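The values are calculated or read from the model by the stated rules, or taken from the named source; none is laboratory data. Note that the coordinates shown come from a computational prediction; the quantities given were computed from them, not determined experimentally. Glycine gets a Cβ as well: all are built from the backbone with ideal geometry, and neighbour counts include every protein chain shown. Ligands, DNA and RNA are excluded from the accessible area calculation, which covers all protein heavy atoms including side chains. Shrake-Rupley method; radii C 1.70, N 1.55, O 1.52, S 1.80 Å.
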Amino acid sequence: MSKPVVATASLAGCFGCHMSILDIDDRILQLVELVEFNKSPIDDIKTFTKMCDVGIIEGGCCNSENVENLLAFRKNCKILISLGECAIMGGLPALRNGIPVEECINEAYCDGPTVSLNKERILPNDDELPMILDKVYPLHEIVKIDYYLPGCPPRADLIWNALVALLTGSKMDLPYEVVKFD
Amino acid sequence: MGLFNNLFGKKLPVETPLDKVQDTVSSAKEVIKTDIQKEVNMSNKVKFIIDGKECTAEKGMMLVDAAAENGVYIPVLCHMKGMIPAGSCRVCTCKINGRNMAGCTTPVDEGMKIENDTPELTELRKTIVEVLFVEGNHFCPACEKSGNCELQALGYKYQMMVPRFPYSFPPKAVEAGAGKIYLDRNRCIMCKKCIRTVHVDGKNVFAFRGRGAHLEINIDKTLAAKLTDKQAQEAMDVCPVGSILRKEKGFDEPIGTRKYDKHQIGSEIEKVS
Ligand code: SF4
Ligand code: SF4
């Protein structure tokens with residue numbers, strides 16, 4: 001039997017959740033034995049090359065590229081997991097949700113206290129750049145998400161227990177200490 | 001906590017800073033207070049049953065307090081022992097003699113049959129916790145109260161992996177010009193605990209403003225400026241969430257040592273039995 005295939009991505013996140021995946025320490029050796037990685041920053045595969053069993057996503061959606069990426073994951077993964085606070089509720093990037101986009105952009109590129117060289121008020125406007133969304137969206141408000149692993153970052157044991165449960169088809173072990181929102 | 005000791009004493013909290021209605025409200029409160037006091041003073045014990053466990057307490061004691069005395073935890077966000085109940089959060093909903101009722105506003109009586117720890121009530125309470133999360137802006141990773149927050153602790157207790165409702169991201173203002181504390185409305189769950197307990201010169205420091213969806217907690221900045229360090233700390237402690245915070249304080253307890261990092265909320269009550 002071939003190994004289950006896992007893909008991961010960081011959308012509007014800080015890569016902290018990916019660091020927490022690595023934080024399973026030496027169990028990473030077992031993980032490599034147990035699964036095959038496809039599209040993921042861990043192995044630097046940029047596009048899906050086959051259907052995956054599990055997709056793990058950190059970060060919410062703050063721009064059009066995040067949305068395209070998320071849709072590709074939903075299409076190519078049988079099971080999709082929201083990993084961490086940003087994926088689940090937008091997280092710190094969503095602090096901008098109460099502020100109009102125009103105001104955010106002006107603050108970042110023209111009026112902020114650290115901006116001194118943009119006298120002409122030039123705003124980034126290249127076709128290559130993804131469009132910023134009106135607000136930062138939790139993943140499950142855009143596609144169907146199967147499982148949620150909260151935390152900032154989610155504890156390594158939570159990620160490990162979830163993967164073990166998924167791969168072995170057993171019930172997930174959820175001790176009190178591993179479900180945290182910070 | 002010193003703040004609450006004199007709650008049933010001479011000075012009673014008033015619900016509004018408006019001088020005119022202050023007297024009326026005070027006397028109304030006096031009546032409620034004496035009623036509660038009278039019942040408690042009568043000192044007759046009653047027996048009641050929570051989830052099959054026989055319990056005893058003073059007649060008239062509010063169910064959540066009476067349950068705690070018997071080692072039974074009923075979750076609660078807007079109440080603490082000695083406080084005049086407000087019944088605003090409904091997280092303490094129990095099935096009392098077959099009906100859903102708030103445990104913090106229901107006095108215990110002889111022969112009461114109470115359901116507390118049942119799948120149905122757990123689901124209802126979890127739903128309320130989820131509603132509170134999506135109705136405010138709760139960015140736990142960036143919140144000074146994280147680890148010591150009662151709302152978050154209930155999220156942990158019920159293993160809330162994600163709220164089932166859409167996030168509303170409501171626009172809320174922070175009041176930072178209030179002396180030693182600041183008021184972050186993003187996290188307020190409208191429990192009224194600050195209104196009922198924080199007073200300066202016999203007046204309320206906090207009050208509600210608006211109605212319905214526009215209801216918000218407000219602070220009297222002049223009065224707040226008079227709070228001592230101790231009072232500021234008490235105000236912060238009385239708030240179940242991270243809405244009232246002391247300035248120049250915060251994140252001073254390492255992760256792992258905070259109140260709810262290792263111990264589930266209510267475990268201190270359940271341990272007693
Ligand atoms: S008040 Fe509690 S639930 Fe809200 S952000 Fe702070 S820690 Fe989280
Ligand atoms: S500020 Fe805190 S104590 Fe006051 S009503 Fe809001 S949540 Fe309750």
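Things to note:
- Distance (nanometres) between label positions extended 7 Å along Cα→Cβ at A:Ala72 and A:Glu103: 3.4 nm
- Here the gap between A:Leu29 and A:Leu167, fully extended at 0.36 nm per residue and compared with their Cα-Cα distance, gives a gain of 48.1 nm.
- Cross-link pairs exceeding 18 Å between alpha carbons, from the set B:Lys53/B:Lys113; B:Lys230/B:Lys259; B:Lys47/B:Lys126; A:Lys180/B:Lys259: B:Lys230/B:Lys259; B:Lys47/B:Lys126.
- Theoretical FRET efficiency, 1/(1+(r/R0)^6), r = Cβ-Cβ of A:Leu117 and B:Asn44, R0 56 Å, to 0.05: 0.10
- Within the same chain, lysines fewer than 8 places from A:Lys46 are excluded, and of the rest, those with a Cα less than 19 Å from its Cα are A:Lys75, A:Lys78.
- Diffusion coefficient of the protein assembly as shown by Stokes-Einstein, Kirkwood radius over Cα pairs, 10 °C, 1.306 mPa s: 64 µm²/s.
- Spread over its residues, the convex hull of the C-alpha atoms of the range B:122-253 is 116 Å³ per residue.
- Other residues whose C-beta falls under 14 angstrom from the C-beta of A:Phe48 contribute a net charge of +1, scoring Lys and Arg +1 and Asp and Glu -1.
- Of B:Arg185, B:Arg164, the order by accessible heavy-atom surface (1.4 Å probe, DNA, RNA and ligands excluded), from most exposed downward, is B:Arg164, B:Arg185.
- Whole-Hz couplings from phi, Karplus 6.51/-1.76/1.60, listed for the range B:223-229; x for Gly and Pro: 5, 4, 5, 8, 4, 7, 4
- Shown here for the range A:1-96: trypsin sites (Lys or Arg not before Pro) in loop regions (DSSP other than H, G, I, E, B) with at most 16 other Cβ atoms within 10 Å, namely A:Lys46, A:Lys50.
- Distant-in-sequence amide H partners of A:Leu133 (H built 1.01 Å from N, under 5 Å): A:Asn63, A:Ser64
- Per residue, the solvent-accessible area of the protein assembly as shown (1.4 Å probe, heavy atoms of protein chains only, all protein chains present) comes to 50 Å².
- Computed over the range B:207-273, relative contact order equals 13 percent, with contacts defined as Cα pairs under 8 Å that lie 6+ residues apart.
- Heavy atoms of A:Tyr109 accessible to a 1.4 Å probe, total area in Å² rounded to 10: 100 Å²
- Distance from the alpha carbon centroid of the range B:171-237 to that of the range A:127-160 works out to 34 angstrom.
- Potential lengthening of the chain between B:Ile255 and B:Asp117 amounts to 46.7 nm, from the contour at 0.36 nm per residue minus the alpha-carbon distance.
- Computed over the Cα atoms of the range B:171-215, the ratio of the radius of gyration to the Kirkwood radius (Rg/Rh) comes to 0.96.
- Chain A against chain B buries an accessible area of about 2300 Å², both chains summed, 1.4 Å probe radius.
- Longest site-free stretch - chain A; sites: GluC sites (Glu not before Pro), DSSP loop, at most 12 other Cβ within 10 Å: A:1-119
- At the residue level, B:Thr105 shows approximately 60 square angstrom of accessible surface with a 1.4 angstrom probe and all protein chains present.
- FRET efficiency estimate (nearest 0.05) - Cβ-Cβ, B:Lys262 to B:Lys53, R0 25 angstrom: 0.40
- Note on B:Lys226: lysines with a C-alpha under 26 Å away, same-chain residues under 8 apart excluded, are B:Lys10, B:Lys11, B:Lys20, B:Lys29, B:Lys145, B:Lys172, B:Lys180, B:Lys192, B:Lys193, B:Lys203, B:Lys247, B:Lys249.
- Drop in accessible area of at least 10 Å² in the complex versus isolated chain, residues of the range A:66-85, 1.4 Å probe: A:Glu85
- Here the label points at B:Asp229 and A:Leu22, each 7 Å from Cα along the C-beta direction, are separated by 4.3 nm in the simple model.
- Annotation: the antiparallel percentage among DSSP beta bridges lying fully within the protein assembly as shown is about 60.
- Virtual spin-label span in nm between A:Cys110 and B:Glu270, 7 Å along Cα→Cβ: 5.6 nm
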